[in-house]
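Chemist: Encoded as C-alpha cells, here's the structure I'll be asking about.
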Amino acid sequence: MLFAVIGRSAGKSRDEIFAVYPRHKKFLDEFVARGEVVGVGPFTDPAGGNMALFRSRAAAEAFAKGDPFFLEGLIEEYQIKDWGDQMLS
C-alpha cells in the first residue's frame, strides 16, 4: 500500500510559488534521500495543487505537516489517502 498526499492549491501566483519552491524542494529531498517517496509533482489543470506518493503513512503525515508550501500558505490543505496500488509498491 502507498499513501497519497494531495494538496489543494491556495491560488497563489507563480512568483509566490517560486519564492517558496527552494525550501519545499529541500524539505522534499530529505524524504527522497530516505527512499520514502515514490512520485511527486504538481497537477497541471487550472485548479493546481500537487500530489506525492509515500511508502508509509508516517512519512506522508510528516511531509503534510512540515512542507513549506503548506506552512507558508501556498497549499490550503493536504489530504492523505491510502492507495491500494497494484504496480508500484
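Chemist: D67 fails exactly one of the following numbered conditions: (1) within 21 Å of G84 (Cβ to Cβ); (2) touching a His at 6+ places or on another chain (Cβ under 7 Å); (3) not aromatic (F, W, Y). What is the number of that condition?
Modeler: Among (1) within 21 Å of G84 (Cβ to Cβ); (2) touching a His at 6+ places or on another chain (Cβ under 7 Å); (3) not aromatic (F, W, Y), D67 violates only (1).
Chemist: Select from region 46-89 the residues that are out of contact with any strand residue (DSSP E or B) (no Cβ under 9 Å at 6 or more places or on another chain) and closer than 11 Å to S9 by Cα and list them in ascending order.
Modeler: Answer for region 46-89, where residues must be out of contact with any strand residue (DSSP E or B) (no Cβ under 9 Å at 6 or more places or on another chain) and closer than 11 Å to S9 by Cα: P46, G73.
Chemist: Sticking with this structure for a sec: What is the residue count in region 70-89 for residues that are out of contact with any Asp or Glu (no Cβ under 9 Å at 6 or more places or on another chain), within 21 Å of M1 (Cβ to Cβ) and either charged (D, E, K, R) or part of a strand (DSSP E or B) (or both)?
Modeler: Selection size over region 70-89: 5.
Chemist: So, in region 43-81, of the ones that are of a type in the set (A, V, I, L, M, F, W, C) and loosely packed, with under 13 Cβ neighbours inside 10 Å, which residue ends up farthest from I17 (Cα to Cα)?
Modeler: Among those residues, the one meeting the criterion is A58.
Chemist: Continuing with the same structure: Here is a list of conditions, (1) more than 12 Å from the chain's Cα centre (by Cα); (2) surrounded by fewer than 15 Cβ atoms within 10 Å (Cβ to Cβ); (3) touching a residue at least 12 places away in the same chain (Cβ under 8 Å), and M87 meets all of them except one; can you say which number that is?
Modeler: Failed condition: (3).
Chemist: Condition check: of a type in the set (A, V, I, L, M, F, W, C), more than 12 Å from the chain's Cα centre (by Cα) and farther than 13 Å from M1 by Cβ. Does F63 satisfy that?
Modeler: no
Chemist: Now a separate question. With respect to A33, determine if the residue is of a type outside the set (K, R), buried (at least 16 other Cβ atoms within 10 Å of the Cβ) and closer than 20 Å to F3 by Cα.
Modeler: No; evaluated as a whole, the condition is false for this residue.
Chemist: Within the set of pairs 6+ apart or on separate chains, which have a first residue in region 3-29 that is free of Cβ contacts under 8 Å to residues at least 60 places away in the same chain, a second that is assigned to a helix (DSSP H, G or I) and hydrophobic (A, V, I, L, M, F, W, C), and C-beta atoms under 7 Å apart?
Modeler: Hits for this filter: V20/F69; H24/F69.
Read the figures in this text as sums done on the coordinates, not as results from a lab. Note that the coordinates shown come from a computational prediction; the quantities given were computed from them, not determined experimentally. FYI the Cβ positions are ideal-geometry reconstructions off the backbone, even for glycines, and counts take in every protein chain you see.
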